[in-house]
Amino acid sequence: MEKELERFYEVCRALERGEVRVAEKTADGWKVNPWVKEVILSGFRYGRLKDMSQGSFPFFDKDTLPVRRFSAEDGVRIVPGGSAVRCGAYLAPSVIMMPPAYVNIGAYVDSDTMIDSHALVGSCAQVGRHVHLSAASQLGGVLEPVGALPVIVEDNVFIGGNCGIYEGTIVRENAVIGTGVVINSSTAIFDATTGEYIRANAAGQMIVPPGAVVVAGSRPVTKGPGAEKGIHLYTPVIVKYRDGKTDSSVTLESVLRD
């Protein structure tokens, strides 16, 4: 067990430095590194429940999984108010966390990204540069199975308030996800610009196209009692692809990230 714990702490430190990642982008798309997830899971396996309370905040977790400590040299702004980052998560210099927010183990958050109040970056989620996670948005955690890709949000994506991105969804660069949109692998996205549905690929991943502007919508049930009663099902809808007007409405202020 001692060797396994030593390996776990070594990989956690590498994750925190951004030298190791749960998932990486290659010429053929995103690929998961299952061995990293296996090492992370070993920390849960070998840890023992411990009282790690701090001040007025009660905190009971495995002793292998403490809250990550930051210093001014890290260049990350964590505004006071109850936010937490678990060990083994990477936050690049110039990342901003508004309170309260949470980043779980294995997550990677790149530079100039803002994590707004009540936002969650789940375990192993990968977030690119210049992303805005608005208030109460959630990126689901995908720690197991070890071979499954986590939620991935690429560069320059804007995610509106109260959104949920789950089950290994990939949001491609420059996409805009409107307030209250929920995206997972089982709910098709309707592209109103083409009249076609986008469904999960063979690997079970939903992929939001680059520059897509997605809002919450619905579609009617077409048969059975639901159709007779006029029932509609929730459906994310691509209403257009990003243009100058969209850019002006989601422009991020660089002064906040300096």
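The values are calculated or read from the model by the stated rules, or taken from the named source; none is laboratory data. Keep in mind the model is a prediction, meaning the values are calculated, not measured. Every residue, glycine among them, receives a Cβ derived from its backbone with ideal geometry; neighbour counts consider all protein chains shown. Ligands, DNA and RNA are excluded from the accessible area calculation, which covers all protein heavy atoms including side chains. Shrake-Rupley method; radii C 1.70, N 1.55, O 1.52, S 1.80 Å.
Under the condition of being open to solvent by 30 Å² or more (accessible area, probe 1.4 Å) and assigned to a loop (DSSP other than H, G, I, E, B), the residues counted in segment 185-203 number 12. Number of residues in segment 144-177 that are assigned to a loop (DSSP other than H, G, I, E, B) and out of contact with any Cys (no Cβ under 7 Å at 6 or more places or on another chain): the value is 23. Scanning segment 204-234 for residues being assigned to a strand (DSSP E or B), more than 24 Å from the chain's Cα centre (by Cα) and of a type in the set (A, V, I, L, M, F, W, C) gives a total of 1. All conditions in (1) farther than 23 Å from ALA89 by Cβ; (2) open to solvent by 20 Å² or more (accessible area, probe 1.4 Å) hold for VAL176, with the sole exception of (2). Please verify whether ARG45 is farther than 28 Å from THR251 by Cα, out of contact with any Phe, Trp or Tyr (no Cβ under 6 Å at 6 or more places or on another chain), at pLDDT below 95 and assigned to a loop (DSSP other than H, G, I, E, B), treating the condition exactly as stated. When the stated conditions are applied, ARG45 does not pass them. Taking the criterion of being without any contact (Cβ under 8 Å) to a residue 12 or more places away in the chain and open to solvent by less than 60 Å² (accessible area, probe 1.4 Å), the residues of segment 1-55 that qualify are ALA14, THR26, GLY29, SER53. When ALA101, ALA125, ALA89 are checked against the criterion of being among the small types (Gly, Ala, Ser) and in contact with a helix residue (DSSP H, G or I) (Cβ under 8 Å, 6 or more places away or on another chain), a single residue qualifies: ALA89. In summary, VAL142 fulfils each of the numbered conditions (1) under 11 Å from the mean Cα position of the chain (by Cα); (2) modelled with pLDDT of 95 or more; (3) among the β-branched types (Val, Ile, Thr) with the single exception of condition (2). Within segment 115-143, the set of residues being open to solvent by 20 Å² or more (accessible area, probe 1.4 Å) and either within 17 Å of PHE70 (Cα to Cα) or part of a strand (DSSP E or B) (or both) comprises LEU120, HIS132, GLN138. The residues in segment 56-70 that are closer than 19 Å to GLY18 by Cβ and open to solvent by 100 Å² or more (accessible area, probe 1.4 Å) can be counted, and the count is 1.
Residue count for segment 79-95 satisfying the condition of being without any contact (Cβ under 8 Å) to a residue 40 or more places away in the chain and closer than 27 Å to LEU41 by Cβ: 6. Taking segment 71-101 as the range and being open to solvent by 60 Å² or more (accessible area, probe 1.4 Å), closer than 16 Å to GLU16 by Cα and not in a helix (DSSP H, G or I) as the test, the residues that pass are ARG77, ILE78, PRO93.
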